[in-house]
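Below: the structure, in structure tokens.
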Amino acid sequence: MRGWQRPSYWPFIAPALTVVLAVIIFPWAYTIWMSLHEWKVGSPPTFVGLANYIRLPSDTRFVESIGHTLVYTALSVVLPVALGTFAAVVFHNKFPMRGFLRGLFIMPMMATPVAIALVWTMMFHPQLGILNYLLSLVGLPPQLWVFHPATVIPSLVLVETWQWTPLVMLIVLGGLAAIPTEPYESAQIDGATRWQTFRYISLPLIMPFLFIAGMIRMIDAVKSFDIIFAITQGGPGTASETINLYLYSVAFVYYDVGYASAIVVVFFALIVALAGALLRLRQTTHWNDAGGSA
Amino acid sequence: MSRLRELLGQAGLAFALLVIVSPAVLFFLWMLSLSVKFEIDNASYPPVFIPEHFNWGNYAAVLSSNRFSTYFMNSLIVTGAATGFALLVGVPAGYGLARMRAHKAAIVILIARITPGLSYLIPLFLLFQWLGLLGTLWPQIIIHLVVTVPIVIWIMIGYFETTPMELEESALIDGANRWQIFRYVALPIARPGIAVAFILAVIFSWNNFVFGIVLAGRETRTLPVAVYNMISFDQLSWGPLAAAALIVTLPVLLLTMFAQRQIVAGLTAGAVKGG
């Protein structure tokens, strides 16, 4: 009876499975096939084996784009996770209009990225932008922001952080809500300060949520596109060209789809490797935590 | 003494809230300010926050431009079709996967979540070219499924896993078939979950930019692509540009404020994002 019942759910899944096969699995299989071919749009593909992959390490633009991506990603994980955790601790309190304020707070991540990128571009304007005016109010010299190779990535990270801190906040807030109240009550009796309560009770308990938030942030930051494309297009020069931006150029400016497909495969492997590294990091810190508290 | 401490604590909380919420609020207020000013105010230094004369003409200029209604309709059709179709196939799939306890299926969703949106574009672009679909809205509708279908399936699996089985079992004993149980027992209970999936799918499809810049032609642009293309034409007229940006994102912002409870529930459950 059970054995007969179970397969009968297949009709529910079949339509979605067809769609997933068509728009997710097929592109993946096709990408791997294309990556083994020399193929520019408009000319027939020729099989070249792993030549596209062998070409990658000597492509300085690609190698540099990896560096840009890693710097951009590291900053775009650390800053939102730190600020988002702080915001979650604040939002964990009870206060009037909490829902409304939380709604305002999450607006940056729901807003259309291109629309906000446009406004940030105006704000970054060296002469007329509001950011340099704000700096002048606190006595700081004007900056070139996204118009200078040295400051372009930090400036873009500023936008990314502004945009995605709310997501970290929501995830960590979920973690804080799941903590039972007893440890806090006994800490209060023992006269622990606010910082001590956070450091020794909340933080270890929300660590798994910080980890999830960091992982999601890494995955999103590493493939960030809209903000960078709309504000700098990878410039000035190629100073903010991440792998994703370079991939766009290879695929849809040069139409070198074979080579672009090889970049896709390596890019995906890099994301999986970074996720694996984060997982390892979690296991080792977990071990340290256990040792520290013992 | 403890009363004073409590008061200080509340003042500190209020201050912390102000610090946290103001970057978001001030940004959108500045966006609004840019969009209602004449160029002379937008180009003045120090900046003008609330102008003496409002220029609502910026909005009129955007709304009355003959192409705006086309792009708005394109966005509406692409997001509407991609979301509707995703619900049609995704809600039953979420139900089936939850009941089969097919947790391994989540790996496909995970891969979809990790893969950069651009990587779908190359093979599907070639496919659409070969099928002769470029120049119509079909390529964008189909590729937006990459965003909407995983969101819907992911949220619905989570939702159906938490709904009670007892009702379904008693319906089965009463002689209802699987389809009837889904239609008349499971689906009505899952309505809040469907609302969450719908809202998130709409937002991430509406916001999508990367698919449009590659697949959209002059007549088939969605609003985000149209706004982006305005930059090159109106490099120095910030007013209309900010007005256009605000018009594009306004539906999403309103949805966020009115449905923030559902959005928060959906994002914390699945932590999904498209693209």
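Near A:G235, the amide H atoms lying under 5 Å from its own belong to A:S240; only residues 5 or more places off or on other chains count, and H is placed 1.01 Å from N. Leaving out same-chain residues fewer than 8 places away, which aspartates and glutamates sit with a Cα under 14 Å from that of B:K37? Result set, ordered by chain and number: B:E52. Which of rounded, prolate, oblate describes region B:1-89, given a ≥ b ≥ c as roots of the alpha-carbon gyration tensor eigenvalues and a/c under 1.5 marking rounded, otherwise prolate only if a/b is larger than b/c? In terms of gyration-tensor shape, oblate. Coupling constants for region A:83-93 follow from the phi torsions by the Karplus curve (6.51 cos²θ - 1.76 cosθ + 1.60, θ = phi - 60°), and in residue order they are 5, x, 5, 4, 4, 5, 4, 5, 6, 6, 6 Hz; glycine and proline get x. For region B:117-186, just say rounded, prolate or oblate: build the C-alpha gyration tensor, square-root its eigenvalues into a ≥ b ≥ c, call rounded for a/c under 1.5, and beyond that prolate if a/b exceeds b/c, oblate if not. Prolate, since a/c reaches 1.5 and a/b exceeds b/c. Rounded to the nearest 0.05, the FRET efficiency derived from the C-beta distance between B:R5 and A:L281 at R0 = 41 Å is 0.55. Based on the Cβ-Cβ distance from B:Q129 to A:A177, what FRET efficiency comes out when R0 is 56 Å, to the nearest 0.05? With R0 = 56 Å, the Cβ-Cβ based efficiency is 0.70. With only the Cα atoms considered, chain B has a convex hull volume of 197 Å³ per residue. Span-like helix criteria (full DSSP H runs; alpha carbon extent of at least 27 Å along the helix axis; mean Kyte-Doolittle hydropathy of at least 0.5) are satisfied in chain B by B:2-35, B:68-100, B:138-162, B:238-258.
Dividing the helix sum by the residues of chain A, where each DSSP H run of 4 or more adds -39500 (n - 2.57), gives a mean residue ellipticity at 222 nm of -22500 deg cm²/dmol. Taking amide H as placed 1.01 Å from N in the peptide plane, B:L134 has no amide H partner under 5 Å among residues 5 or more places away or on another chain.
Shown here for region A:160-267: GluC sites (Glu not before Pro) in loop regions (DSSP other than H, G, I, E, B) with at most 11 other Cβ atoms within 10 Å, of which there are none.
Placing +1 on the Cβ of every Lys and Arg and -1 on the Cβ of every Asp and Glu, with no other charges, gives region B:98-249 a dipole of roughly 220 debye about its Cα centre. P(r) tail, the protein assembly as shown: Cα-Cα pairs separated by more than 45 Å, 19% of all pairs. Computed over all pairs of different Cα atoms, the Kirkwood value for the hydrodynamic radius of region B:141-275 is 17.4 Å.
Is region A:1-142 rounded, prolate or oblate when judged by the Cα gyration tensor, a ≥ b ≥ c being the square roots of its eigenvalues, rounded requiring a/c under 1.5 and prolate requiring a/b larger than b/c?
Verdict is oblate for region A:1-142.
The C-alpha atoms of chain A occupy a region whose extents along the principal axes are 76, 75, 40 Å, arranged from largest to smallest. Between A:L156, A:L137, A:L270, the residue with the greatest mean-square fluctuation in the GNM of chain A (Cα pairs under 10 Å linked by springs) is A:L137. In the protein assembly as shown, taking the dipole from charged Cβ atoms about the Cα centre, the farthest positive-side position among B:N55, B:F15, B:S205 is held by B:S205. Distance between the pseudo-spin-label points of A:R98 and B:L88 (7 Å out from Cα toward the beta carbon): 4.2 nm.
Taking Cα centroids, how far is region B:2-69 from region A:119-150 in Å? That distance is 17 Å.
None of the figures in this text is laboratory data; all of them are computed from the coordinates on show. A quick note: this is a predicted structure, and the numbers were derived from the prediction, not measured. Ideal geometry is used to build each Cβ from the backbone, glycine not excepted, and the neighbour counts take in all protein chains shown.
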